[in-house]
Amino acid sequence: MADQTHVLFVEDDDVIREATQLALERDGFAVTAMPDGLSGLEAFRADRPDIALLDVMVPGLDGVSLCRRIRDESTVPVIMLSARADSIDVVLGLEAGADDYVTKPFDGAVLVARIRAVLRRFGHAAGDRAEERAAPADGGALTFGDLEVDTEGMEVRRSGQPVALTPTEMRLLLEFSSAPGTVLSRDKLLERVWDYGWGGDTRVVDVHVQRLRQKIGQDRIETVRGFGYKLKA
């Protein structure tokens, strides 16, 4: 297991849980599968997995609440599983700190692709690419008013105080800070930050921008209606 990516999978449907666990294990993942949120939280604390897959509707402690508990303790990537693409649960999961979501029923290959995409952008190689795009010519920190972005140390400060960002939020800020004043479309952000080589749900972008604004200042990122977002220079 030490050399494998460890996945925590929380799903109350026995058939889906067992079938998905087998499919992930065939693709080389080590999987801890739990039937409810409370046992999922215990497994997370005991095993410290590399990524968590959480079904929204699980007993004991629902997936959204479990995501919040995990996010209070860790920046480990979280993917929510929702039965309906138009469900408000998708937004609630993202607002709770999830990095992405997959709609059920899902194809095993699609789930694996999403997991690998999340892991790539959380890995060193993905971080290095984002840093290369955002780094200033002199190698110093980027400053936008009271906001300071250290692209080498991967740290952010606001009015001199450290700002805690998840890896996804950091990559999003790096994209904005690499081109201040330039409008970035939601599709472009999905491609660059979420590593989507296919169409994705732009709600993922919108919720993460909302979360980022709460941390760096509501007026720092401007909405350009009909086009996307830009960081105020």
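The values are calculated or read from the model by the stated rules, or taken from the named source; none is laboratory data. Keep in mind it's a predicted model, so treat the numbers as computed, not measured. Using ideal geometry, Cβ is built from the backbone for each residue, glycine included, and neighbour counts are taken over all protein chains shown. Ligands, DNA and RNA are excluded from the accessible area calculation, which covers all protein heavy atoms including side chains. Shrake-Rupley method; radii C 1.70, N 1.55, O 1.52, S 1.80 Å.
Annotations for the structure displayed:
- Residues that are free of Cβ contacts under 8 Å to residues at least 60 places away in the same chain and either polar (S, T, N, Q) or under 18 Å from Ala83 (Cα atoms) (or both), drawn from segment 1-18: Gln4, Phe9, Val10, Asp12, Asp13, Asp14, Val15, Arg17, Glu18
- Residue match in segment 39-49 (condition: closer than 18 Å to Thr166 by Cβ and part of a strand (DSSP E or B)): no
- Residues satisfying the stated conditions in segment 177-191, i.e. modelled with pLDDT under 95 and either among the hydrophobic types (A, V, I, L, M, F, W, C) or under 13 Å from the mean Cα position of the chain (by Cα) (or both): Ala179, Leu189, Leu190
- The combined condition, being more than 12 Å from the chain's Cα centre (by Cα) and under 22 Å from Arg192 (Cβ atoms), is not fulfilled by Val64.
- Selected residue (only one of Ala130, Ala109 is outside any strand (DSSP E or B), modelled with pLDDT under 90 and either among the charged types (D, E, K, R) or open to solvent by less than 30 Å² (accessible area, probe 1.4 Å) (or both)): Ala130
- Residue check, Arg69 surrounded by fewer than 20 Cβ atoms within 10 Å (Cβ to Cβ), within 17 Å of the chain's Cα centre (by Cα), in a helix (DSSP H, G or I) and at pLDDT 95 or above: yes
- Selection from segment 16-46 of residues that are more than 21 Å from Arg114 (Cβ to Cβ), open to solvent by 70 Å² or more (accessible area, probe 1.4 Å) and out of contact with any Gly (no Cβ under 7 Å at 6 or more places or on another chain): Glu42, Arg45, Ala46
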